[in-house]
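All of the numbers you see were taken from the coordinates with simple rules; none came from a lab. Note that the structure is predicted; figures quoted are calculated from it, not measured. Here the Cβ is made from the backbone with ideal geometry for all residues, glycine too, and neighbour counts use every protein chain on show.
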Amino acid sequence: EHIARQGIDSHTVLYGVIGDPIRHSKSPIMMNRAFRERGVNGAYAAFHITDDKLGDFIRGVRAMGIRGVNVTIPHKLQVMELLDEIHEGARAIGAVNTIVNENGRLIGYNTDGIGYVRSLKEEAAPSIEGKRIVVIGAGGASRGIVYALLQERPAAITITNRTVQRAEELAASLRADGTKLGASSNDRLEELCGDADIVINTTSVGMFPQVDESPVPGHWLKPGAVASDLIYNPLKTRFLRDAEQHGCTAHGGLGMFIYQGAYAFEYWTGQPAPVAAMREEVLAALQ
Ligand code: ATR
């Protein structure tokens, strides 16, 4: 069953990631490891695609029969109008990060939010149902995550943002069945964090090189709460280190990257993703 592959041959199926910039991406090493691990005859490359070349690239996907594409900044919104079908979740989030080429029909998915939630459940909070969640930040990343968290039926999600209007717009634009979904300014963070089971940073505050910054002091959280950060450079931000010292569980952003790729791999190949091997490969590349 398990076929050892010699390398690229005339049956190799092509995949890739597009973005601008793209040379920093760890997706090629992660996905090629996943193909090797599962004996899939695939090859995954990074393509530097500027805005003006996006249409040409998608025509190339159709012409060459590229099976799968990951889409990153700045193309997640623009690419949608070039596809044949947009999956419901990606439509609700308003962004596509994964394309599946089904015999010439290009279908857009979003695996960022569900990847984040799978990582959170695997690594820090096995159940999200009934939990009280604070999400700091109201940008594109926040939108995908809040959409995916809502599927898990938490008791409450409060989105806070430096610009409160953006948090209000985000909360108002999402359907929440059975979850109390609200918005607040960052001024109320101390009170909100003290009452939360899970606090999630979706802003860039604390990202390299600003490693001494934190979106909230870790001691504002309840001991035993989960502190979660989408940032994975550094792997453990100041926010996570401070919260952990205060008795919280720390959940870093690397898992979201791994699992967004795991879902893409599963959509493309129909096989379960070799998550541990993918993580090992990315961690080695980050050293
Ligand atoms: P992304 O796609 O990564 O979410 P984005 O859409 O630009 O990026 O959103 C960035 C988020 O981080 C926003 O919520 C932003 O707050 P504003 O809407 O007020 O701009 C937040 N953010 C960025 N830098 C911040 C800082 N120094 N302090 C607080 N919030 C910050």
Checklist entry - What is the fewest-to-most order of Met278, Met64, Met256 by other Cβ atoms lying within 10 Å of their Cβ? => result Met64, Met278, Met256
Next on the checklist: Explain nothing, just the number: relative contact order of the chain, from Cα pairs under 8 Å at least 6 residues apart, as a whole percent.
Outcome noted: 16
Item to check | Lysine pairs with alpha-carbon atoms under 17 Å apart, the chain, spacing 8 or more or separate chains | outcome: 4
Item to check | Dipole magnitude (debye, nearest 20) for the chain, charges at Cβ of Lys, Arg, Asp, Glu | outcome: 300
Checklist entry - Taking a temperature of 4 °C and a viscosity of 1.567 mPa s, what whole-number D in µm²/s does Stokes-Einstein yield for the chain with Rh from Kirkwood over alpha carbon pairs? => result 66
Checklist entry - Comparing Leu82, Leu192, Leu149, which has the greatest mean-square fluctuation in the GNM of the chain with Cα pairs linked when under 10 Å apart? => result Leu82
Item to check | Residues Asp56 and Glu190, FRET efficiency given R0 of 35 Å [Cβ-Cβ distance, rounded to 0.05] | outcome: 0.10
Item to check | Proxy reagent accessibility, fewest Cβ within 10 Å first, across Leu189, Leu230 | outcome: Leu189, Leu230
Item to check | For Ser228, Ser214, order by how many other beta-carbon atoms lie within 10 Å, fewest first | outcome: Ser214, Ser228
